[in-house]
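Participant: The following block contains the structure, expressed as structure tokens.
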Amino acid sequence: MDYQQIDNYLAELCRVYTELGEDVVWEKAPAATEAELAAAETELGRRLPDSLRDFFKNYSKSCTFEMFFSDEFEERLPEELDEIFSACFTISLDVLLEEEADRKQWWLADMEDEYDRICRNALAFMGVGNGDLLAFDLLQDSSDPRVIYLSHEGDESHGMVLGSSFADYFERLLKVGGCGPEDWQMEPFCDNRTDGINPNCANAEKYRAIIGLHWENA
């Protein structure tokens, strides 16, 4: 990933959301040491996906962005975007360990076979406020697997692809404005279950226009 470009994206998101009068938080910790990464991988029992490992090692071991729309602004959103209420994410080495422990402890009981298969073959890295998880699809034979959505209630979004890798997912997420991680906030920007977030779809263009975000070559 081009981390200078990532900083540019995040700085622009801070600018546009602050101009809307919303409280914006952007916190970026120093990069992880090799020792910290090795300790995490020992705890996980596996190597971290390549592009996420690179993010932690060469950018930040914990990056948080948080903004919640006011009720007044939410009322201005058109019907196809009216489930969006925030722009927020936390990409953190420590949080990953916590969410993966949660997946192992709580997500594998009383599940139907296909649902269980997706959950068992995943590595969680981000929690969602409604109890869902964002995770890596370990059914892929890849050192840098795709990012998928795990729904704890078995919704249609369960197993939905958000990006072909962490790097791909994160860049797409930023380009659509860093929309919140709940499935109903991301679905307006997903054309289907397999191709990931589409920053060039009509809804993405409409959302960026509403918030005043103008990327070149998004």
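Participant: With +1 assigned to the C-beta of every Lys and Arg and -1 to the C-beta of every Asp and Glu, and no other charges, what is the dipole magnitude of the chain about the Cα centre in debye, to the nearest 20?
Facilitator: 840
Participant: Hey, got the Cα dimensions of the chain along the principal axes, in Å, largest first?
Facilitator: For the chain, the Cα spread along each principal axis is 45, 40, 28 Å.
Participant: Enter the angle in degrees (range 0 to 90, nearest 10) between the Cα long axis of helix 166-175 and the first principal axis of the Cα atoms of the chain, meaning the one along which they spread out most.
Facilitator: 10
Participant: Among Phe85, Ala35, Phe55, whose Cα sits farthest toward the positive end of the charge dipole of the chain (+1 at Cβ of Lys/Arg, -1 at Cβ of Asp/Glu, about the Cα centre)?
Facilitator: Ala35
Participant: Assuming a viscosity of 1.306 mPa s and a temperature of 10 °C, what translational diffusion coefficient in µm² per second does Stokes-Einstein assign to region 23-65, Rh being the Kirkwood radius over Cα pairs?
Facilitator: 145
Participant: While we're here: When the dipole is taken about the Cα centre of region 30-106, and only Lys, Arg (+1) and Asp, Glu (-1) are charged at their Cβ, what size is it in debye, to the nearest 20?
Facilitator: In total the dipole reaches around 720 debye.
Participant: Could you check how much of the accessible area of the chain is carbon and sulfur, as a whole percent, using a 1.4 Å probe?
Facilitator: Here carbon and sulfur together make up 43 percent of the probe-accessible area.
Participant: Express the accessible area of the chain per residue in Å², computed with a 1.4 Å probe while the remaining protein chains stay in the model.
Facilitator: Per-residue accessible area for the chain comes out at 47 Å².
Participant: Can you give the net charge of the other residues whose Cβ lies under 9 Å from the Cβ of Phe125, counting K and R as +1 and D and E as -1?
Facilitator: Taking every other residue near Phe125 into account, the sum is -2.
Participant: Across all directions of projection, what mean area in square nanometres is found for the Cα convex hull of region 169-216?
Facilitator: 3.2
Participant: Under a 1.4 angstrom probe, counting protein chains only, how are Leu174, Leu138 ranked by accessible area, largest first?
Facilitator: Descending order: Leu138, Leu174.
Participant: Could I ask something else about it? With the Cα gyration tensor of region 1-106 in hand, convert its eigenvalues to equivalent ellipsoid semi-axes via √(5λ) and list them largest first in whole Å.
Facilitator: 31, 18, 11
Participant: Just order 74-85, 33-44 by mean Cβ neighbour count inside 10 Å, highest at the front, would you?
Facilitator: Put in order of decreasing packing, that is 74-85, 33-44.
Participant: What list of ³J(HN,Hα) couplings, whole Hz, do you get for region 129-136 from phi and the Karplus terms 6.51, -1.76, 1.60, once you set θ to phi - 60° and write x for glycine and proline?
Facilitator: 3J(HN,Hα) across region 129-136, in whole Hz: x, 8, x, 7, 9, 9, 8, 9.
Participant: Could you point to the residue in Asn198, Ala122, Met1 farthest towards the positive end of the chain's charge dipole, with +1 and -1 charges on the Cβ of Lys/Arg and Asp/Glu respectively?
Facilitator: Among Asn198, Ala122, Met1, the one farthest towards the positive end of the dipole of the chain is Met1.
Participant: Also, I was wondering about something else. I need the Kirkwood Rh of region 133-218: take the reciprocal of the average 1/r across all distinct C-alpha pairs and report it in angstrom.
Facilitator: 13.1
Participant: R0 = 45 Å: FRET efficiency of Glu72 with Glu41, Cβ-based, nearest 0.05?
Facilitator: E between Glu72 and Glu41, to the nearest 0.05, is 0.50.
Participant: So what's the angle, to the nearest 10 degrees on a 0 to 90 scale, between helix 3-19 and the longest Cα principal axis of the chain?
Facilitator: Tilt of helix 3-19: around 50 degrees.
The values are calculated or read from the model by the stated rules, or taken from the named source; none is laboratory data. Owing to the predicted nature of the structure, the values given are computational and were not obtained by experimental measurement. Backbone-built Cβ (ideal geometry, glycine too); neighbour counts: all protein chains shown. Heads up: the accessible areas ignore ligands, DNA and RNA and are worked out on the full protein's heavy atoms, side chains in. Shrake-Rupley method; radii C 1.70, N 1.55, O 1.52, S 1.80 Å.
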